[in-house]
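Step one of this worksheet: look at the structure below.
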Amino acid sequence: MAHKGLMANSRFFRDTNVYALPPTQGYYNPLFFHTLLMNKAVALSNLSTSIKDLKASLDHFWVADNFLKQYRKSIFRKQDQLLIARWINQAIVGNRKRGVINVCKELYRKTQQKKYLEQAFYFMERGNASYLMSSLAEANAKKFAGIPPKFLKQELSLRKSIAKYQNLASVETKSALQDSLIKYNQLYEKLIHRLEQKYPKYAQLKFDTKQINIAQVKKHMKHGEALLTYVLSSKKNSHVLLITKKTTQLLSLPFTSKLNNYITPYYNELQSEARLQPFAQASHRLYQVLFQPLEKHLEDIHKLIIVAPYLESTPFEALVTKLPPKSLGDDFNRLDYLGNRFQISYHYSATLWHHSQLEVEAKPQKLNLVAFAPFSGGEGSTHRTKRGLGLNLPESKVEVSSIFNLCKANKLIAEVSLSSTATKERFIQQIKQSNIIHVASHSEANRRNSGLAKIRFAGCGNGPDLSGCLLASEVYNLELNADLLVLSSCESGVGKLVEGEGVFSLARSFLYAGARNIVFSLWEVDDAYTRELMVAFYKQFLGKKSINYTKALQVAQQKLVQQGVHPKHWAGIVMIGK
């Protein structure tokens, strides 16, 4: 049926051979074409487990992938780009018995040809943050395509207007707002089309979302490191591609059709500061599903890079690897946490992780560190080192002042803005010239409209006036060259979960803006414990030639673990980066 449907939906395709591949042009309806291709790929994989049928199925998945690459060039709107991301994800996971990863795994099992592992990795990467990848490629194209400044200013102005009216239209339903949004979107599409026609290099770079291969991953990995790329399905088939310096393995996870039944209790027990036994039970059950099947392959590993968009709000650090005896009481420091054994960082895709490993041409930076604590209390003041709800967060003043003193002790140039001097305008001005950016403030997620997630600066209270707040939609229009950004605030990694993309959060917006490594929070964090963790974190690397942010965060977390602090207060501070 799917094959006949492809013939009916095409002006050119008339081959009745069920194994024949349709062309990616000449179809009448793109959505129908892609749906039929997917149905046919799945049907071929279900015909039998013969190598012939599995190869035919894989060939059709490749045609579908090529079609989506071509189709993406014809669309501009974010919602259409995200629809493509969802289509890609459905191809990988499989909406029936087999997705493309299952097909690759079965072909590798039957043939032992490593090209099928490589193809599995390719499709996994295609399903990880493809919209973010394309957005970064477009931003890169604007920088290096020789576009005159006047057009770049016009493009930025239109993007700001679109963001403004999107935010307004999400809280008000006035037709005038919708009309303005439509107008600016149309103007933006016309400008982009004109740039593509007039500057061919822009069009070329814009769609250059080349993914890395397994060999490139291994080249930038060190001994003792492992990259884990998860593909999780609500059906029966979930997988992890495990890459180390020497090995590549595609492993199956246990039956995960009710994965949320494991994730939700773990998350809830963390949030509610549950007593030791119920927390350990929930944590260990999730560990058995997500990680225990990998243990025997990680004996010589001490550092994990986890790529799992669906699990971005699930900290692996607090997974309990061994159930404690009931006599343990509430001695949380005696639990066997995964974070005791491994340094752990996360990323949206292996390709983006790889980019963070590359040597970046450093621009001369005026400051080593800039820090902001707008709700530190007291009079506004600025300190500067020299080389040779109740909205107040009293611990934030201690936090940034301690970091300032660490910089001073290490003869680093730093600037700390407290209270009324920690304004949004000052932040935007200073981040352009600092290698490390630290924000100790209030932030708020928005699961309905990710563009309205915000960081509060001086002058931004609890009322409707957002003029003193920095919105995520505004962050996308900033330009950073920071090696490290620390968002020491609540929910800076929380947002709307989008299929195939992960969580649209403040952290994600800063990654797009140019921050290479980001420390952020997954939920509301305690002021005092956060201060203690952050100061311990900076002590590990400020002034040192060899910087390992992941190790520094592990050491800081372990300091709280050893004190018996509940994991709610340390496991929610995680890192994206190298």
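Listing for the model above:
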| read-out | value |
| --- | --- |
| Condition broken by Tyr19, with the remaining ones in (1) of a type in the set (Phe, Trp, Tyr); (2) crowded, with 19+ Cβ neighbours inside 10 Å; (3) at pLDDT 85 or above satisfied | (2) |
| Enumeration of residues in the range 324-343 that are within 16 Å of Ala282 (Cα to Cα), modelled with pLDDT under 95 and part of a loop (DSSP other than H, G, I, E, B) | Pro324, Pro325, Asp330 |
| Qualifying residue in the range 56-74 (condition: farther than 30 Å from Asn185 by Cα and assigned to a loop (DSSP other than H, G, I, E, B)) | no |
| Subset of the range 389-438 (residues that are over 13 Å from Phe375 (Cα atoms), among the polar types (S, T, N, Q) and assigned to a helix (DSSP H, G or I)) | Ser401, Ser402, Asn405, Gln429, Gln430, Gln433 |
| Among (1) at pLDDT 85 or above; (2) among the small types (Gly, Ala, Ser); (3) within 30 Å of His193 (Cα to Cα) - the single one Gly26 does not satisfy | (1) |
| Members of the range 8-40 that are assigned to a helix (DSSP H, G or I) and acidic (Asp, Glu) | none |
| Scope the range 41-55; condition part of a helix (DSSP H, G or I), at pLDDT below 90 and of a type outside the set (A, V, I, L, M, F, W, C); matching residues | Ser45, Asn46 |
| So Asn449, is it modelled with pLDDT under 80 and within 21 Å of Tyr165 (Cα to Cα) | yes |
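Residues are listed down the side, and each one gets a yes or a no for (1) in contact with a helix residue (DSSP H, G or I) (Cβ under 9 Å, 6 or more places away or on another chain); (2) at pLDDT below 70; (3) surrounded by fewer than 17 Cβ atoms within 10 Å (Cβ to Cβ):
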site	(1), (2), (3)
Gln79	no, no, yes
Ala85	yes, no, no
Gly94	yes, yes, no
Ile101	yes, no, no
Lys114	yes, no, yes
Phe123	yes, no, no
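The values are calculated or read from the model by the stated rules, or taken from the named source; none is laboratory data. Given the structure is predicted, the values throughout are model-derived calculations rather than measurements. With ideal geometry, Cβ positions are generated from the backbone for all residues, glycine too; neighbour counts draw on all protein chains shown.
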